[in-house]
Amino acid sequence: MAESNAQVAARIEYDRAYKQGQREYNNLVSRQERGNLLVLDELTEQSRIMAYIKQPEREIPLKRVVGTYTSSRAYSFSASFLPLHPTGTEFASKWISLCASHMNEGLRDAIQVYEYLWNYYVVEGNKRVSVLKHFGAPSIRAEITRLIPQLDNDDPLAQTYYAFLQYDREGLFKNLPMSSAEKYNQLLELEKKQIASRDPSVPLPNFNSMLIRFEEIYASTEGKLPVGDALLEYAKLFGLLADDLPSVMEERIKALLPQLRLTESPPAEPQLMLDVSNEKPQQPSLLERLFIPRKTPQVMFAYEQGRTETNWIGAHERGRLIMQEIMGEHVKSDFIDNLTPENAYAQLSKNAAKADLLLVTSTKLSPAALRFSLEHPDCLVLVYSRVRQDYRLNTYYGRYYEPVFLCGVAAALATKTDKVAYVTPYIEHNRHTPDINAFALGARSVRPTVEVLLVWKDVDRYNPATCENGIRQAVEYGADIGLVPDYPGLNLPNVPVDAFTLLLRMNKEGAPSQYLASPGWDWGRFYTEIVKSYLNGSLDMLCQIDQGDPTVTGLWWGMGAGVLRFASTDFLPASAHNLLQYLRKSIELGRFNPFRGPVYDQAGDLRIPPHTDPKPHEVLNMSWIADFIRII
């Protein structure tokens, strides 16, 4: 079948792009520089990400699309997204097809990107980016998820980024990089002044399009300033509210170049004040307002009815006490007890009205917490929950599947029957399954022949008889190791006080005989880190999380942040301890993901493709069960 004119032209363009890519790659490698795309996974650690925030879909400048999300995609492109696969490959055919579509009708579908420190990394749509960059397109439409790093007071870049987050609440320009917090402060003040004095009959321009246009023109001058710094200097002279034509903007930027060059390299000789200044004293900078800790904040904890010294709710109270001891006079904390969905709002209104930070430790109290939050906007409310119940409620949760994965590894190393079990209560509605799958994948990762049983029929952790029956069922099917709830009446030595799920050896009679390991929450560490983050301003950005994506949690920390732990006993062999220690450290450093694909579900559908990791929201929403798990 004869090729269309567009396909012939696209093939010629691919040959040209491929040759350019090979030259770029070889030149970079010869200089001992990276020849392929930047990889976001290699630039940051999951344990250092504070939150994943969905942004409105919009056009983004292609010049700031600098890499890809995972390393598996990086090797198909040179450092500037030029293709590296020869003609005749499947990759080349897809690129050529996209190129032909671009020539005929344009590429309109949005790509998916992660935004991290002002740059973009492609999750879906690498070839579309490659085609458009090859043709010199200025922008592309994108679905954006912003990754917020934890604040590091010793890192000037992180401090500047948090200043940007503050600007982003009110500023006109999205994802605008600048060199300092003070620059953001100056631009915001200038924007407010110009908006206040504008003619209301004249419509405002599209500021996102203006920024893309400005960035494209400024980049052509090879300027060294961050685009936001250059835009600030432009706005001081020419204003921001006129929708300048590209030719007018280009002419003005060129006229401004001498001033921009001076801004890039300030003179060594200081500027001298030769006359008395009549200016008012300078106000505290944005940086100072952001990072000066609040004075003795009031931190209130909300506990559901039924707290005892040893149960799940009591573990949160022990965490509060540890946090208070560590933080000392820097915070004042208290708690509200015996809350139910019916009385929670009244009790919160009565006892937490003066709180600065409210930590609600049960999802059941979310409706009351939401109402309280709306009526007390100066109080930051965090609810312990896997998902956001409402976009106005922020959450805190943990990657509990990480230590559970290690329990799966330990189970496979300890079994003598080649069968292990996960005993858990059955939940009919929206069952959250990352923990189940992580346990199974951990077992299979070190013992491919092991059979993993899921026992959940008629199991209730608060009813000892049902838990004991679940363990007996597992033994009847051949399992000798099981991860089970710590139910009332289960008395084994050496069990940590805050362990609510235990990895046990089970005897032939169907009874627990030996405690081996357990996953656990370190609530003292978790609450200490939350309060510290509140004090230094890291949690301020939670107030600006966008609407419309309730699947994304606010805080989602893991073992790398120290808020989750894996405990094991000497009943495991020494070789097992060495491997578990290595895997634990790899997970903490973000070098190993328990859900590395391929993974199929019970229906045989591919859920996680080979050599890829699921996105955070995919883990949070996981409700399927891996294909090799046998459900009892």
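The values are calculated or read from the model by the stated rules, or taken from the named source; none is laboratory data. These numbers were taken from a predicted model, which means no experiment stands behind them. Cβ coordinates were reconstructed from backbone atoms using ideal geometry, including for glycine residues, and neighbour counts include every protein chain displayed.
Hey, any hits in region 12-27 for a residue that's closer than 30 Å to Leu555 by Cα and under 34 Å from the mean Cα position of the chain (by Cα)? Quick ask: steps written out before the conclusion?
Narrowing region 12-27 to residues closer than 30 Å to Leu555 by Cα: none.
Within region 12-27, none of the residues are closer than 30 Å to Leu555 by Cα and under 34 Å from the mean Cα position of the chain (by Cα).
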How many residues, within region 173-185, are surrounded by fewer than 18 Cβ atoms within 10 Å (Cβ to Cβ) and either over 27 Å from the mean Cα position of the chain (by Cα) or more than 22 Å from Pro61 (Cα to Cα) (or both)? 1
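Go through region 558-581 and report how many residues are of a type in the set (S, T, N, Q) and either buried (at least 19 other Cβ atoms within 10 Å of the Cβ) or in contact with a Pro (Cβ under 9 Å, 6 or more places away or on another chain) (or both). Can you show your working first?
Initially, region 558-581 is screened for residues of a type in the set (S, T, N, Q), giving 568-569, 575, 578, 581.
The next check asks that each one be either buried (at least 19 other Cβ atoms within 10 Å of the Cβ) or in contact with a Pro (Cβ under 9 Å, 6 or more places away or on another chain) (or both); those that pass are 568.
Total satisfying the criteria: 1.
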Going by the structure shown, is Arg584 surrounded by 15 or more Cβ atoms within 10 Å (Cβ to Cβ), in contact with a strand residue (DSSP E or B) (Cβ under 8 Å, 6 or more places away or on another chain) and assigned to a loop (DSSP other than H, G, I, E, B)? no
Restricting to region 28-69, name every residue that is assigned to a loop (DSSP other than H, G, I, E, B) and not small (Gly, Ala, Ser). Arg31, Gln32, Glu33, Arg34, Leu37, Thr44, Glu45, Tyr69
Among the residues that make up region 72-88, is at least one of them within 24 Å of the chain's Cα centre (by Cα), under 30 Å from Asn394 (Cβ atoms) and surrounded by fewer than 19 Cβ atoms within 10 Å (Cβ to Cβ)? no
Say we look at region 120-146 and pick out the residues that are free of Cβ contacts under 8 Å to residues at least 60 places away in the same chain and under 18 Å from the mean Cα position of the chain (by Cα); which of these is surrounded by the fewest Cβ atoms within 10 Å (Cβ to Cβ)? Glu124
Expected output for region 87-109 (first residue farther than 17 Å from Asp15 by Cα, partner part of a helix (DSSP H, G or I), Cβ below 6 Å, 6+ apart or cross-chain) is Asn104/Ala6; Leu107/Arg128
Quick check: is even one residue across region 306-320 buried (at least 17 other Cβ atoms within 10 Å of the Cβ), of a type outside the set (Gly, Ala, Ser) and under 18 Å from Asp378 (Cα atoms)? no
Test of understanding: among Tyr515, Tyr462, which residue is crowded, with 20+ Cβ neighbours inside 10 Å and over 24 Å from Phe628 (Cβ atoms)? Tyr515
Only one of Ala440, Ala414 is surrounded by 24 or more Cβ atoms within 10 Å (Cβ to Cβ) and touching a residue at least 24 places away in the same chain (Cβ under 8 Å). Can you tell me which? Ala440
Exactly one of Arg48, Arg11 is out of contact with any Ser or Thr (no Cβ under 9 Å at 6 or more places or on another chain) and either closer than 30 Å to Asn104 by Cβ or modelled with pLDDT under 95 (or both), and that one is Arg48
How about region 70-81: which of its residues are among the small types (Gly, Ala, Ser) and not in a loop (DSSP other than H, G, I, E, B)? Ser71, Ser72, Ala74, Ser78
Counting only residues that are within 34 Å of the chain's Cα centre (by Cα) and not in a helix (DSSP H, G or I), which one in region 95-112 is nearest to Arg58 (Cα to Cα)? Ala110
Exclusive hit being touching a helix residue (DSSP H, G or I) at 6+ places or on another chain (Cβ under 8 Å) and in a loop (DSSP other than H, G, I, E, B), set Leu172, Leu211, Leu188, Leu165: Leu172
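Being crowded, with 19+ Cβ neighbours inside 10 Å, within 30 Å of Asp356 (Cβ to Cβ) and modelled with pLDDT under 85 is the requirement here; does Leu539 meet it?
Numbers: crowded, with 19+ Cβ neighbours inside 10 Å: yes; within 30 Å of Asp356 (Cβ to Cβ): yes; modelled with pLDDT under 85: yes.
Yes.
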